[in-house]
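One structure is given below, encoded as structure tokens.
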Amino acid sequence: IGFKGELLEPAEELRRKIKSEPGELFSRAILRTDIFTLTDVYADKGYAFANVNPLTKADTEKKLVDLTFDMEKGELVYFERINISGNTKTRDKVVRRELRVDEGALYSSTGMKRSKQQLMNTGFYEEATLATAKGSTASKLNVDVNVKEKPTGTFSIGGGYSSLDGIIGQGSVQQANFLGLGLKANLSGSLGGNSQTYSVGI
């Protein structure tokens, strides 16, 4: 297994990142995974359109195949604009602070993936997608962030009986995305014959 072309890291370092192993059975499924892995290595350094071309040379008698990854980095690519849509309630700044990519920064494949994960981790969205589109020049990409919001509020009501207060009524309202600011807010109350308790939190 070898590497040639425009190497951004020593061949030994690239070799450690892939799953294909000398002496193991050749697998096109593993080869596809290796291509994606190597493409991401280059994409995380700003080369969004890097090409990884696997060259194979087979020896049918010995049942061996030599594998060489021909690396072509392409041009450096920068993020130009980040456009956000679908956030009918959530403020843009709440979405932007979860992103791991920045306008003007070098392209990062891992940054794109982590941005999606961060958005889903908020619990505010049913779905979040990030897609790239051509920018003002060939070396720039826009990022289109589209989210589908989900309900983030809960309401509960209950009752009980106490020898001290008699019949007790309880209720609470919670909102995980208060005013679209990404803040958690809650209001609860308990009403009894001799006591009343209220709680407000943000």
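The values are calculated or read from the model by the stated rules, or taken from the named source; none is laboratory data. Predicted, not measured: the structure shown is a model, and the values here were computed from it. So basically every Cβ, Gly included, is an ideal-geometry build from the backbone, and we count neighbours across all protein chains shown. These accessible areas exclude ligands, DNA and RNA; they are computed on the full protein's heavy atoms, side chains included. Shrake-Rupley method; radii C 1.70, N 1.55, O 1.52, S 1.80 Å.
Let's see how each residue does on (1) closer than 22 Å to V143 by Cβ; (2) part of a loop (DSSP other than H, G, I, E, B):
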site	(1), (2)
T33	no, no
F36	yes, no
D40	yes, no
K45	yes, yes
V52	no, no
K57	no, no
D70	no, no
E75	yes, yes
N83	yes, no
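Please specify each residue of the stretch 112-129 satisfying the condition of being closer than 13 Å to I84 by Cα and without any contact (Cβ under 8 Å) to a residue 24 or more places away in the chain.
Within the stretch 112-129, K116, A128, T129 qualify.
Does L14 fit the bill of being crowded, with 17+ Cβ neighbours inside 10 Å and not basic (K, R)?
Yes; evaluated as a whole, the condition is true for this residue.
In the stretch 133-154, what residues are under 26 Å from F36 (Cβ atoms), open to solvent by less than 60 Å² (accessible area, probe 1.4 Å) and not hydroxyl-bearing (S, T, Y)?
Those that are under 26 Å from F36 (Cβ atoms), open to solvent by less than 60 Å² (accessible area, probe 1.4 Å) and not hydroxyl-bearing (S, T, Y): A133, G135, L141, N142, V143, V145, V147.
Within the stretch 1-31, count every residue that is of a type in the set (D, E) and in a loop (DSSP other than H, G, I, E, B).
Summing the residues that are of a type in the set (D, E) and in a loop (DSSP other than H, G, I, E, B) in the stretch 1-31 gives 4.
Of all the residues that make up the stretch 176-202, how many are small (G, A, S), surrounded by fewer than 15 Cβ atoms within 10 Å (Cβ to Cβ) and closer than 21 Å to K89 by Cβ?
Total satisfying the criteria: 1.
Regarding L130, is this residue at negative phi and either open to solvent by 70 Å² or more (accessible area, probe 1.4 Å) or touching a Gly at 6+ places or on another chain (Cβ under 9 Å) (or both)?
No; evaluated as a whole, the condition is false for this residue.
Counting only residues that are under 21 Å from N177 (Cβ atoms) and either in contact (Cβ under 8 Å) with a residue 40 or more places away in the chain or open to solvent by 90 Å² or more (accessible area, probe 1.4 Å) (or both), how many does the stretch 90-111 have?
9
I need the full set of residues from the stretch 37-89 which are touching a residue at least 24 places away in the same chain (Cβ under 8 Å), farther than 30 Å from Y125 by Cβ and open to solvent by 80 Å² or more (accessible area, probe 1.4 Å), in order please.
D66, E72, E75 - these are the residues of the stretch 37-89 that are touching a residue at least 24 places away in the same chain (Cβ under 8 Å), farther than 30 Å from Y125 by Cβ and open to solvent by 80 Å² or more (accessible area, probe 1.4 Å).
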